[in-house]
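First comes the structure, then the notes that go with it.
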Amino acid sequence: MLGDFMPILVLVCLAALICGVMVVGSYVLGPKKVTPYKSSPYECGVMPLGTATERFPIKFYLVAILFVLFDIEVVFLWSWLTIFKDAPTDFQVFSGVDVAVYLGLWIVGYLYIIKIGALDWDEATSLAPEKLEASATVAVPAQASNQEALA
């Protein structure tokens, strides 16, 4: 019985060993001198605006959750479609009705999130006014330099 699970146990031990070596190696080989530059937050090459305690627009989390909810159906449908074509007729009918109900509920949910505007990305309503002004002043010179580079 234990022999059946031995390859899995070896794989788990090997993965744990590799993870441990990488964590310890980064600690041992990593830089130890703390400087203000290394301690500063990094945000895509741009100096961060505001403080870390400010409110963050919920739309980012909402879209992430909606992506998980509405994209995971591929996992279910792919596995169902692989066995559906060679399955007996009674299974095809039963599972076909189940999948039709599932997809119907999926479409109703998708229409609902579109109706309530959960996927609208209007920054004027989700960002603080000072952030909108700061992003507008930063974006204009960048667009001008891009246009000069293209000319």
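Mind jotting down the distance between the C-alpha centroids of the stretch 19-34 and the stretch 55-108, whole Å?
For the stretch 55-108 versus the stretch 19-34, the Cα centre distance is 42 Å.
Per 0.36 nm of contour for each residue apart, how much would the distance between Ile83 and Asp120 grow if the chain were fully extended, relative to their Cα-Cα spacing? Present the calculation step by step, with values, prior to reporting the outcome.
Details: separation 37, 0.36 × 37 = 13.32 nm, distance 3.78 nm.
Full extension of this stretch gives 9.5 nm more.
Under a cut-off of 21 Å between alpha-carbon atoms, report the lysines in cross-link reach of Lys115, not counting same-chain residues fewer than 8 places apart.
Cα-Cα hits under 21 Å: Lys59.
Bear in mind that the values in this text are calculations on the coordinates, not laboratory data. What you see is a predicted model; the values in this text were computed from it and never measured.
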